[in-house]
Amino acid sequence: MADNEDTTRRGTMEEIVALCKRRGFIFPSSEIYGGLSSAWDYGPLGVELKNRLERFWWREMTQLHDGIVGLDASILMHPKVWEASGHVESFADLMVEDTVTNERFRWDHLSDEQRESKTSPAGNPLSEPKAFNLMFDTHLGPVKDTGSVVYLRPETAQGIYVNFKNVVQTSRVRIPFGIAQVGKAFRNEIVTKNFVFRTCEFEQMEMQYFVHPSEDEKWFEFWKEQRMSYYSKLGIRPERLRFQQHGPDELAHYAKDAYDIEFEFPFGWRELEGIHNRTDFDLRRHSEFSGKDLRYLDDTNNERYLPYIIETSAGLTRSVLMALSDAYEDQEVGENDRRVVLKFHPEIAPVTVGVFPLVKKDGLSELAQEIERKLRRRFSTFYDQSGAIGRRYRRQDEIGTPFCLTIDYETKENQTVTLRFRDSMEQIRVPVSELSNRLEEEIENYTRS
Ligand code: GAP
C-alpha cells in the first residue's frame with residue numbers, strides 16, 4: 001500500500017497491533033489468564049494518547065465553541081430510560097450461529113451468497129436469524145428479581161437527555177445550545193478481529209445540540225461541516241475521510257437523517273463517527289415515560305416546544321485506532337535503511353519532547369536533566385541517556401514524539417541545543433532560553449510532512 005511516495009507505506013493491522021504491544025500502547029485484557037476476547041487495556045503510552053484525544057475533543061467542543069456545556073452522567077440509570085429510548089424494544093442485531101463451531105455472526109455482515117445459502121464463512125450450515133439485544137443487564141441490590149434489573153448504558157446520549165431540564169434550569173443556556181459528554185458505553189456485540197475497532201466496552205464522545213424544530217436541517221449541515229473539519233485540525237489525512245449517508249433501511253429507530261464520517265482503516269472504510277438528526281424523538285419519549293414536561297420555554301416570545309436534537313457521536317477508543325493507523329508509516333530513510341514513525345499531531349502525541357545528553361559524562365547528563373525538568377512543567381517529556389543518539393531518535397519516532405533535544409558540548413559553550421524534528425528529521429540549533437516558546441510555536445503551526 002504505497003502512500004505519498006513509493007518508499008513509504010502504511011502499517012498493516014498486524015504491525016500496528018504488534019507495535020502497540022511492544023511499546024506499551026495497548027495490551028490484551030487479563031493477558032496472564034489468556035486474555036478476554038475483545039477487551040483491551042491501555043498501557044502507559046496508550047492512556048496518554050487516549051486522554052489527549054479526549055482533551056482535544058473536549059476543548060474543541062466546549063471551550064472553543066459558544067453555548068456547549070459539559071456533563072458526566074452515571075453509567076447505571078433508571079431502567080425506564082431504556083424503555084423510553086427504544087433500546088429495550090429495538091436495539092437488536094439479527095444474529096446467526098454456525099451450527100458446527102457455534103461461532104456467532106451478524107446477519108448483515110454476511111455476504112449475499114452466504115445469506116442465500118445459509119452457510120457460514122467456514123462453509124457450515126447456519127441457524128435461523130434471531131434478534132439479539134445488545135444491552136448488558138445486571139441487577140441492583142442483593143435480590144435478583146425482575147424489579148432489580150439495570151442496564152449498562154449502550155450510549156452516553158441518554159444521560160444527556162434525562163438531564164436536559166436540569167441543565168436548562170441551572171446553566172442559563174439558550175437554544176441553540178449543546179451538552180457534551182465523554183464516557184464508557186457497553187454493547188454485547190459480536191466482536192470481529194479488528195483490535196479496538198469494535199469492542200463490548202468502549203468510550204464515546206457525544207454532543208447533543210438542541211435546536212428549534214424549524215432549524216434542524218440548518219444545524220445538521222453545520223455540525224456535519226464542523227465535525228469533518230475537526231479531523232483536519234487533528235491532522236488526519238483528508239483523503240482517508242469521507243461522509244456516508246444512511247439509507248432509509250439503515251437509519252436508527254430515532255433518526256430522521258444520519259451521516260457517518262468514515263475513515264479508511266487498514267482493513268477498509270469504516271464508521272468513525274455518526275451525525276444524527278434525532279428530531280424530538282428522545283425528549284418526547286422521556287416526557288411520555290416520565291410524565292415530566294420537558295418542553296423548552298423561549299422567554300423572548302413565550303413559545304413552548306420540544307427541541308430537535310442534532311447529535312455528534314464519535315468513538316474515543318475507535319479514534320485511538322484511527323490516530324494510530326493514520327500516523328503509522330514505514331519509511332525508507334537514506335540508503336538501505338528504514339524507520340517506523342508515528343506521525344501524530346503534537347497535541348495528541350503521548351510524549352512531546354525527548355531530551356537526551358549526547359554522552360553521560362562531562363556534566364552533560366546533569367545539564368540535560370536540568371533542561372528536561374524545566375520543560376516538563378509545560379510539555380510531556382521523556383529523558384533518555386542510553387544507547388547511540390540515532391537509536392534514541394528512532395525509539396522516539398516509533399512512539400510518535402514530534403521533537404527531540406540533544407544536549408552536547410556546544411550547549412556548555414553557547415547555551416544552544418539541537419532540536420530534531422520527527423517528520424523531516426531536520427536538525428537545528430536553538431538557544432536554551434528560547435526552547436519553550438519555540439516548541440509552543442511548533443505545536444501551534446504543525447502540519448504533517
Ligand atoms: N448515540 C448514538 C450512537 O451511539 P452509534 O453510531 O451506535 O451511535 C457512535 O455509535 C459511535 O460510537 C460510532 O461511530 C463508533 O465510533 C462508536 N462505537 C459504537 N459501537 C462501538 C463499539 N462496539 N466499539 C467501539 N466503538 C463503538
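Of all residues in the range 387-410, those being farther than 21 Å from GLU440 by Cα and in contact with a strand residue (DSSP E or B) (Cβ under 9 Å, 6 or more places away or on another chain) number 7. Among strands (runs of 3 or more DSSP E) entirely within the range 194-305, having at least 2 residues that are farther than 29 Å from PRO79 by Cα singles out 241-245, 257-265, 268-277. If the condition is being more than 27 Å from GLU83 (Cβ to Cβ) and either in contact with a Gly (Cβ under 7 Å, 6 or more places away or on another chain) or in a loop (DSSP other than H, G, I, E, B) (or both), then the range 161-174 contributes ARG172, VAL173, ARG174. Within the range 277-316, count every residue that is closer than 30 Å to HIS109 by Cα, of a type outside the set (A, V, I, L, M, F, W, C) and touching a Phe, Trp or Tyr at 6+ places or on another chain (Cβ under 7 Å). Residues flagged as closer than 30 Å to HIS109 by Cα, of a type outside the set (A, V, I, L, M, F, W, C) and touching a Phe, Trp or Tyr at 6+ places or on another chain (Cβ under 7 Å) within the range 277-316 amount to 6.
Just to be sure, is GLU271 within 15 Å of the ligand (Cβ to nearest atom), among the acidic types (Asp, Glu) and open to solvent by less than 40 Å² (accessible area, probe 1.4 Å)? Answer is no for this residue. In the range 313-329, the qualifying residues are those that are more than 9 Å from the ligand (Cβ to nearest atom) and not in a helix (DSSP H, G or I), and the one that is nearest to LEU19 (Cα to Cα) is TYR328.
Residues in the range 325-340 that are open to solvent by less than 20 Å² (accessible area, probe 1.4 Å) and among the basic types (Lys, Arg): ARG339 only.
Before we move on, is GLY159 away from the ligand (no atom under 16 Å from the Cβ) and small (Gly, Ala, Ser)? The answer is no for GLY159. Restricting the first member to the range 198-225 and to residues that are open to solvent by 60 Å² or more (accessible area, probe 1.4 Å), and the second to residues that are at pLDDT 95 or above, the beta-carbon pairs closer than 7 Å and six or more apart or on different chains are GLU201/LYS184; GLU201/PHE186.
Taking THR447, is it surrounded by fewer than 15 Cβ atoms within 10 Å (Cβ to Cβ) and under 26 Å from ARG339 (Cα atoms)? For THR447, the condition - surrounded by fewer than 15 Cβ atoms within 10 Å (Cβ to Cβ) and under 26 Å from ARG339 (Cα atoms) - is met. Candidates PHE289, PHE344: the one that is within 32 Å of the chain's Cα centre (by Cα) and among the aromatic types (Phe, Trp, Tyr) is PHE344. For the range 368-386, a residue qualifies if it is touching a helix residue (DSSP H, G or I) at 6+ places or on another chain (Cβ under 8 Å) and open to solvent by 50 Å² or more (accessible area, probe 1.4 Å), and the qualifying residues are LYS374, ARG378, PHE382, TYR383, GLN385, SER386. Just one of the numbered conditions (1) touching a Lys or Arg at 6+ places or on another chain (Cβ under 8 Å); (2) within 30 Å of GLU444 (Cβ to Cβ); (3) more than 16 Å from the ligand (Cβ to nearest atom); (4) of a type outside the set (Val, Ile, Thr) is not true of SER290; which one? Here SER290 clears every test but (2). Is one or more of the residues making up the range 128-137 modelled with pLDDT of 90 or more, touching a helix residue (DSSP H, G or I) at 6+ places or on another chain (Cβ under 8 Å) and open to solvent by 70 Å² or more (accessible area, probe 1.4 Å)? Within the range 128-137 (the criterion being modelled with pLDDT of 90 or more, touching a helix residue (DSSP H, G or I) at 6+ places or on another chain (Cβ under 8 Å) and open to solvent by 70 Å² or more (accessible area, probe 1.4 Å)), the answer is no, since none of the residues qualifies.
Out of the residues in the range 136-152 meeting the condition of being of a type outside the set (Val, Ile, Thr) and without any contact (Cβ under 8 Å) to a residue 40 or more places away in the chain, tell me which one is farthest from PRO79 (Cα to Cα).
Residue satisfying both the conditions and the ranking: PRO142.
One residue stands out among those in the range 293-312 that are of a type in the set (D, E, K, R) and more than 16 Å from the ligand (Cβ to nearest atom): the one that is farthest from VAL173 (Cα to Cα), which is ASP293.
For residues that are of a type in the set (D, E, K, R) and near the ligand (Cβ under 10 Å from one of its atoms), scanning just the range 172-197, find the one that is least open to solvent (accessible area, probe 1.4 Å). Step by step, filter the range 172-197, then rank; the result is GLU189. None of ARG106, ARG115 is surrounded by 13 or more Cβ atoms within 10 Å (Cβ to Cβ), of a type outside the set (A, V, I, L, M, F, W, C) and under 19 Å from CYS200 (Cβ atoms) except ARG106. Tell me, yes or no, whether the range 48-67 has at least one residue that is open to solvent by less than 60 Å² (accessible area, probe 1.4 Å) and more than 22 Å from MET207 (Cα to Cα). For the range 48-67, residues open to solvent by less than 60 Å² (accessible area, probe 1.4 Å) and more than 22 Å from MET207 (Cα to Cα): absent.
The values are calculated or read from the model by the stated rules, or taken from the named source; none is laboratory data. Values in this document were obtained by computation on a predicted structure and should not be read as measured data. Counting neighbours? That spans all protein chains shown, and the Cβs are built from the backbone with ideal geometry, glycine included. What goes into the accessible areas is simple: the full protein's heavy atoms, side chains included, and nothing from ligands, DNA or RNA. Shrake-Rupley method; radii C 1.70, N 1.55, O 1.52, S 1.80 Å.
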